[in-house]
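In what follows, a structure is listed as structure tokens, so that the remarks can point back to it.
The values are calculated or read from the model by the stated rules, or taken from the named source; none is laboratory data. Quick caveat, the model's predicted, so the values are computed rather than measured. Cβ sites come from the backbone with ideal geometry, for glycine too, and all protein chains shown count toward neighbours. Please note that ligands, DNA and RNA were not included when accessible areas were found on the heavy atoms of the full protein model with its side chains. Shrake-Rupley method; radii C 1.70, N 1.55, O 1.52, S 1.80 Å.
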Amino acid sequence: MSRKAPVSQAPSEIDITEILARIPHRYPFLLVDRCEDYKPHQSIVGIKCVTVNEPFFQGHFPGYPVMPGVLIVEALAQSGAVLMSKSLDVDVAGKAIFFISLDNCRFRSPVRPGDVIRLHVEVLRARGDLFKFRGVAKVGEKVAAEAEFAAMVVET
């Protein structure tokens with residue numbers, strides 16, 4: 001019996017329950033709290049509420065906690081995976097979405113406890129189960145990170 005992720009009632013909003021059904025990530029590696037402005041096959045905005053309780057802050061850096069840039073990029077990728085999963089209505093019981101490339105990655109501004117990151121992800125190209133994205137992570141109007149990345153649906 002295949003299991004499909006539930007479809008959200010509000011077409012442009014995706015809550016944590018649906019995110020948990022659509023991607024396999026769990027604490028401490030789930031880096032998206034909710035999504036907004038979902039447009040099938042086009043774009044999504046992931047939301048990450050950064051708290052001092054995040055496990056990486058213990059060592060990055062004591063006395064001046066800063067979210068690691070690679071985790072900001074991972075949050076962009078997870079937002080893209082939610083967009084793909086919902087757009088393609090992926091059967092999450094037998095498939096996963098894997099991050100397969102990263103290009104033109106830049107880190108612009110630190111992310112600190114108390115910040116809310118808005119993870120703007122847009123589809124540049126899509127062909128079947130392969131999507132290429134452009135992502136921009138912002139805190140307020142400041143760009144924290146940006147990158148182009150690709151992901152694909154794979155059998156598990």
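Computed with a 1.4 Å probe over protein heavy atoms only, the accessible surface of segment 72-156 comes to 46 Å² per residue.
Here's the list of aspartates and glutamates a cross-link from K86 could span, going by alpha-carbon distance under 19 Å and ignoring same-chain residues fewer than 8 apart: E13, D15, E18, D33, E36, D37, E74, E122, D129, E155.
In summary, the aspartates and glutamates within cross-link reach of K142, defined as a Cα separation below 12 angstrom excluding same-chain residues under 8 places away, comprise D115.
Given R0 = 25 Å, the distance between the Cβ atoms of D103 and D15 translates into a calculated FRET efficiency of 0.20. Using only side-chain charges placed at the Cβ, +1 for Lys and Arg and -1 for Asp and Glu, the dipole size of segment 106-156 relative to its Cα centre rounds to 240 debye.
All other residues whose Cβ lies under 10 angstrom from that of V116 are scored, Lys and Arg at +1 and Asp and Glu at -1, for a net of +1. A dipole drawn for segment 1-152 from +1 and -1 charges on Cβ atoms has a positive end, and of L130, A147, S79 the residue lying farthest that way is L130.
Taken over the alpha carbons of the chain as equal point scatterers, the Debye sum produces base-10 log I(q)/I(0) values at 0.11 Å⁻¹ of -0.40. The shape of segment 26-90 can be summarised by an equivalent ellipsoid whose semi-axes, obtained from the alpha carbon gyration tensor, come to 27, 10, 9 Å from longest to shortest. Normalised by the number of residues in the chain, the average gap of Cα pairs under 8 Å and 6 or more apart makes the relative contact order 25 percent. Overall, the accessible surface of segment 1-144 at a probe of 1.4 angstrom is composed of carbon and sulfur to the extent of 55 percent. For the chain, the longest principal axis of the C-alpha atoms and the axis of helix 69-88 are separated by about 20°. Qualifying trypsin sites (Lys or Arg not before Pro) in segment 66-117, where qualification requires a DSSP coil assignment and no more than 15 other C-beta atoms within 10 Å, comprise R108. Over the Cα atoms of segment 78-156, the radius of gyration divided by the Kirkwood radius equals 1.03; this is the Rg/Rh ratio. Placing dummy labels 7 Å off each Cα toward the beta-carbon, the span from F29 to V52 is 2.8 nm. Could you pull out which residues in segment 113-156 have an amide N less than 18 Å from a spot 7 Å beyond the Cα of D91, following the Cα-Cβ vector? So the set is 128-130, 153-156. A Cβ-based charge dipole, computed about the Cα centre of segment 51-119 with Lys and Arg at +1 and Asp and Glu at -1, lands at about 200 debye. For the chain, the dipole from Cβ point charges (+1 on Lys and Arg, -1 on Asp and Glu) about the Cα centre works out to 160 debye, to the nearest 20.
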